[in-house]
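Undergrad: Supplied in structure tokens, the structure appears directly below.
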Amino acid sequence: MNSQVVTTVQAAPLSFSTRFADYMQLSRPRIAFMVLVTTFLGALLAGGSQLDATVLILTLFGTALVAAGSSIFNQLLERRYDARMARTENRPLPAGRIGSVEVIILGTLVTMLGMVCLAVLPTGPAAAIITGVTFLLYVFAYTPAKRRTWWNTFIGAVPGALPPLIGWAGATGTLHWASLPLFAVLYFWQIPHFLAIAWMYRDDYRRAGLHMLSVFDPTGRRTLLHMAIHTLLMIAASLTPVAFGAGWGYAVGAALCGLAFLCLVIRFGRNRSFDAARSILRASIVYLPVVLCWLVIDRYC
């Protein structure tokens, strides 16, 4: 019989600054920031000059907290898989710096506080309802789907596209057909964005046993196909605000940004390298705020 020796190391108590840094890492501030930007722009497009400052602050604060709570629970559920990947193995949970019970308490408190902020909005419960749906889809649909199907990216793009609608609902108390282009642009934008990440770190995902498209697509042909199709759909969706009153200056600008993005996807098709995928990732981070800000400028100018 083989024997196994287990050594237990008593870790020193973490300092306040280290603990705070771990809490921040669990909340994924970069993702939360992008959620805030799209929520804010959705509120601006909906509320116009009538947008109440208190409503905006409550909407943004509540949305940020629920976004952080979603990330916390996502990392809780994926801690064993994160431990297998070089890019995530040093996160607080897989590294053992924070225990699961503490993370559950933190995630619950943060999420509940965010939901309370949205529930008390004077514009009504619509923003809180959409945010609750976003949380449930992200944590209980997208997160487990990553272990079962490469379609998880397309599932996760649904909650990822809802923040502008949260902002819209927070500002007005309801939704309008004019808000749907925001959802569509954000949904289609996420596919090349996350497929680029999946291609860059496909070996990591393979080791972790996560079902990303790149793991089952060694040639990159299917990855390229979905990138190209959804980039074209993103460009088309970015032009639909013209039907709701956006000017042609915005349309030309959005089209040019989309075509520049498409050129990078075509470049990836010629050379499916890490650098080509990273160029798409970086361009996507620039593309979204530029197009949405352009839409806001068009709305107010």
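The values are calculated or read from the model by the stated rules, or taken from the named source; none is laboratory data. Nothing here was measured: the structure is a model prediction, and the numbers come from that model. No Cβ is skipped: glycine too gets one built from the backbone with ideal geometry, and neighbour counts run over all protein chains shown.
Undergrad: Out of 24, 115, 85, I need the residue that is in a helix (DSSP H, G or I), over 30 Å from residue 295 (Cα atoms) and among the hydrophobic types (A, V, I, L, M, F, W, C). Which one?
TA: The unique qualifying residue is 24.
Undergrad: While we're here: Being surrounded by fewer than 17 Cβ atoms within 10 Å (Cβ to Cβ) and either among the hydrophobic types (A, V, I, L, M, F, W, C) or not assigned by TED's automatic domain parsing to the domain that holds residue 251 (or both): is that true of residue 113 here?
TA: Working: surrounded by fewer than 17 Cβ atoms within 10 Å (Cβ to Cβ): yes; either among the hydrophobic types (A, V, I, L, M, F, W, C) or not assigned by TED's automatic domain parsing to the domain that holds residue 251 (or both): yes.
For residue 113, the condition - surrounded by fewer than 17 Cβ atoms within 10 Å (Cβ to Cβ) and either among the hydrophobic types (A, V, I, L, M, F, W, C) or not assigned by TED's automatic domain parsing to the domain that holds residue 251 (or both) - is met.
Undergrad: Has the stretch 71-91 got any residue that is closer than 24 Å to residue 181 by Cβ, at pLDDT below 95 and surrounded by 16 or more Cβ atoms within 10 Å (Cβ to Cβ)?
TA: Narrowing the stretch 71-91 to residues closer than 24 Å to residue 181 by Cβ: none.
Looking for residues that are closer than 24 Å to residue 181 by Cβ, at pLDDT below 95 and surrounded by 16 or more Cβ atoms within 10 Å (Cβ to Cβ), one finds none in the stretch 71-91, hence no.
Undergrad: Considering only the stretch 118-157, state which residues are over 17 Å from residue 31 (Cβ atoms) and assigned to a loop (DSSP other than H, G, I, E, B).
TA: Hits for the stretch 118-157 are 120, 121, 122, 123, 124, 125, 147, 148, 149, 150, 151.
Undergrad: A follow-up question, please. Look at the stretch 160-201 and say how many of its residues are among the small types (Gly, Ala, Ser), surrounded by 22 or more Cβ atoms within 10 Å (Cβ to Cβ) and either closer than 19 Å to residue 127 by Cα or not assigned by TED's automatic domain parsing to the domain that holds residue 272 (or both).
TA: 5
Undergrad: Continuing with the same structure: Go through the stretch 181-238 and give me each residue that's of a type in the set (A, V, I, L, M, F, W, C) and assigned to a loop (DSSP other than H, G, I, E, B).
TA: The answer is 210, 212.
Undergrad: Next question. Checking residue 232 against (1) touching a residue at least 24 places away in the same chain (Cβ under 8 Å); (2) surrounded by 16 or more Cβ atoms within 10 Å (Cβ to Cβ); (3) hydrophobic (A, V, I, L, M, F, W, C), only one condition comes out false. Which one?
TA: Every listed condition holds for residue 232 apart from (2).
Undergrad: Then there's this: Restricting attention to the stretch 208-231, which residues are of a type in the set (Gly, Ala, Ser) and within 18 Å of the chain's Cα centre (by Cα)?
TA: none
Undergrad: Provide a single number: the residues in the stretch 187-206 that are touching a residue at least 24 places away in the same chain (Cβ under 8 Å) and touching a Ser or Thr at 6+ places or on another chain (Cβ under 6 Å).
TA: 6
Undergrad: Which of the following residues is surrounded by 15 or more Cβ atoms within 10 Å (Cβ to Cβ), in contact with a helix residue (DSSP H, G or I) (Cβ under 8 Å, 6 or more places away or on another chain) and over 16 Å from residue 231 (Cα atoms): 246, 254, 283, 277?
TA: Values: 254 fails: over 16 Å from residue 231 (Cα atoms); 283 fails: over 16 Å from residue 231 (Cα atoms); 277 fails: over 16 Å from residue 231 (Cα atoms).
Among 246, 254, 283, 277, only 246 is surrounded by 15 or more Cβ atoms within 10 Å (Cβ to Cβ), in contact with a helix residue (DSSP H, G or I) (Cβ under 8 Å, 6 or more places away or on another chain) and over 16 Å from residue 231 (Cα atoms).
Undergrad: Quick check, is residue 127 surrounded by fewer than 21 Cβ atoms within 10 Å (Cβ to Cβ), of a type in the set (Gly, Ala, Ser) and not assigned by TED's automatic domain parsing to the domain that holds residue 238? Let's see the steps before the verdict.
TA: Values: surrounded by fewer than 21 Cβ atoms within 10 Å (Cβ to Cβ): no; of a type in the set (Gly, Ala, Ser): yes; not assigned by TED's automatic domain parsing to the domain that holds residue 238: yes.
Taking the combined requirement at face value, the residue does not satisfy it.
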